[in-house]
Amino acid sequence: MDEPAVSEDLAARVAAVAALDEPSRRRLYDHVVRQSEPVSRDEAAAAVDLARTTAAFHLDRLVAEGLLEVSYERRTGRTGPGAGRTAKLYRRSQHQVGVSLPERRYDLAGRLLAAAVAEAEETGERPRDIADRKARELGRELARDAAADGAAADPALTALQVLEAHGFEPREEGAEVALVNCPFHALAQEHTALVCGMNLQLCSGLLAEAGVTALAARLDPRPGHCCVRLTPKTDPQP
């Protein structure tokens, strides 16, 4: 199996955050997001004392990185001939950008746990049992999404790509695959059985839906790793 590519999504998020390292660009971003209404190039340039062309360059870079979004309107309030030019306006993007290294996906854990609690209140079933089931369903969903997006021909490579994209950092070690990062690390430290169970079920659902027949997900906690390891199905159960 080939190594899965580094997540393009993670690379894009790192690039977006890195774009704010330029001081003028950061001042423009901070000004725009503090305003209650969209801001024009002229307004932004004047607010941070930059030339209009320089401000325009930085604002459009922030748009390209997904940090700002653009709208157009006539500030005069008039329409038709003589109404004036349409202004290009900037505001904070609805797209959320966050970077954690190593990658953490507490949003994913929150989604699973919230769904488990909500269903438990309705059915009386144990929340942990529901969380395990939801995690397995999520693993299957992730495999289906990968297939819809044009998954690799090798089912195992598809599974590794999905795990890479969600922060597990799969690494081949002989016939086995180690998951060297836990996306739910802080939660796993405090609620080990619950979170490790969810990880196991997510990986199992992913492998099953992707059609991986040679590997199985097993609990095999090791320092500095996720609690789950992918091992050949012919291996004895640990």
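Points worth noting:
- Computed in the context of the full set of protein chains, the accessible area of the chain at 1.4 Å probe radius has 50% of its extent on carbon or sulfur.
- In the context of the full set of protein chains, residues of the range 90-197 present 52 Å² of accessible surface per residue (probe radius 1.4 Å, heavy atoms only).
- Its relative contact order, with pairs defined as Cα atoms under 8 Å and 6+ residues apart, puts the range 29-182 at 15 percent.
- Taking 0.36 nm per residue of sequence separation and removing the Cα-Cα distance, the Tyr106/Arg85 pair yields an extension gain of 3.0 nm.
- Taking amide H as placed 1.01 Å from N in the peptide plane, the amide H of Val180 sits under 5 Å from that of Arg171, Cys226, each at least 5 places away or on another chain.
- Separation in nanometres of the label points that stand 7 Å from Cα toward Cβ, at Asp145 and His95: 1.6 nm
- Those Cys residues of the chain for which no other cysteine Cβ falls under 4.7 Å: Cys203
- For Cα Rg over 2.2 N^0.38 Å, calculated from these coordinates, the label among (i) 1.02; (ii) 1.33; (iii) 1.24: (ii)
- Of the trypsin sites (Lys or Arg not before Pro) in the range 178-238, those whose Cβ has at most 14 other Cβ within 10 Å and which sit in DSSP loop: Lys233
- Added length on full extension, which subtracts the Cα-Cα distance from 0.36 nm per residue, Glu122 to Glu176: 15.4 nm
The values are calculated or read from the model by the stated rules, or taken from the named source; none is laboratory data. Bear in mind the structure is a predicted one, so any value in this text is a computation, not a measurement. In this analysis, Cβ positions are derived from the backbone assuming ideal geometry, glycine residues included, and neighbour counts consider all displayed protein chains. With ligands, DNA and RNA removed, areas are computed over all heavy atoms of the protein, side chains included. Shrake-Rupley method; radii C 1.70, N 1.55, O 1.52, S 1.80 Å.
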